[in-house]
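First the structure, in the form of structure tokens, and then the observations on it.
The values are calculated or read from the model by the stated rules, or taken from the named source; none is laboratory data. Bear in mind the structure is a predicted one, so any value in this text is a computation, not a measurement. Virtual Cβ from ideal backbone geometry, glycine too; neighbours counted across all protein chains shown.
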Ligand code: ADP
Ligand code: MG
């Protein structure tokens, strides 16, 4: 689908209402990680260079439509000013005259949108009130695009709307990975449970050429084929669903890659005694916690022959050594191929990003999405309301 970018708009003398994600971690009143603020710099700078004024709109935490003083964006404003290197004025929910009084390169930061119950209800009245504050709407919060809220959906229909730099970059990367990808495409899906990723698996089997299933969810697939997985994390009630996914893949000509060897242990703790076994050899009192070297070798061979990779979910219980081995090895291979320009690699998901960082591979991936839920819904093939409203 097509969406406008900052390049398609005339910002000269205009006020831009920019929806951003600055939901940063805060400990004892101090912002501990400013990454999310850093990522909005290109959009803010670009609008100002084009002669526009910037009014930032954001949420913080989950105040559920009520004023919760600890969640006021007033506390975040100094960090935003620091990172942007611009004067930032926080504006309370009355909005008042602040907009009319903006001066020079001053940036306004509106109070936490979720203090207003209309935000999460996608309320037309609240969207209208926001819309009166600006001339152009810019959405730079891909991570909030899977939710139809007043500041992500309704408002986009009231003003000329476009994607910010960060949003455009993210949409471009995702489009390249699953929209119109270079083939063959490999998807790696791992993590804890099949139940949280059913829609994702269902969508991918119809779109990719090879689907690696790893992590705890691989156990459910092994069990569905009649294999005893001992004490492993496994959703036995999803056996039928797992078989349906395998059937759908076969019809679609998608190769499913399941563990060819498994790493098992009796305890889930660092340095626990572990052994590598055939997939059907898990002892009754043991757990499968990672894929083995034969599996990794086959995954890496598949990556060598691929042009595009999408990855969500670690291949094993990566938080604890040595069960991070398969994830690390496959991540290193993907990073090496990406760096050499042979592979387009896109990854996302909270634990996935942590695992790829831990593996030292994240920097060489083509694109790492930090959008969490929005990234997963996109992998599920769903239309994101905040993106659709820009079209
Ligand atoms: P993401 O946040 O990237 O979407 P998930 O939350 O689905 O990923 O999965 C990550 C979790 O899956 C991690 O906590 C990891 O320990 C767990 N996991 C992976 N493999 C196994 C396994 N074999 N047994 C138990 N837990 C596993
Ligand atoms: Mg997770």
Does the range 247-266 hold any residues that are surrounded by fewer than 19 Cβ atoms within 10 Å (Cβ to Cβ) and either modelled with pLDDT under 95 or in a helix (DSSP H, G or I) (or both), and which are they?
247, 248, 250, 251, 252
Conditions (1) part of a helix (DSSP H, G or I); (2) within 16 Å of ligand 2 (Cβ to nearest atom) -> residue 219 fails only (2)
Just a yes or no: is a residue in the range 366-379 assigned to a strand (DSSP E or B) and free of Cβ contacts under 8 Å to residues at least 24 places away in the same chain?
yes
Got a number for residues in the range 333-358 being over 17 Å from residue 176 (Cα atoms) and either crowded, with 23+ Cβ neighbours inside 10 Å or within 13 Å of ligand 1 (Cβ to nearest atom) (or both)?
10
For residue 317, only one of the following conditions fails: (1) under 21 Å from residue 222 (Cα atoms); (2) away from ligand 2 (no atom under 16 Å from the Cβ); (3) part of a loop (DSSP other than H, G, I, E, B). What is its number?
(2)
Only unsatisfied item for residue 207, checking (1) within 16 Å of ligand 2 (Cβ to nearest atom); (2) assigned to a loop (DSSP other than H, G, I, E, B), is (1)
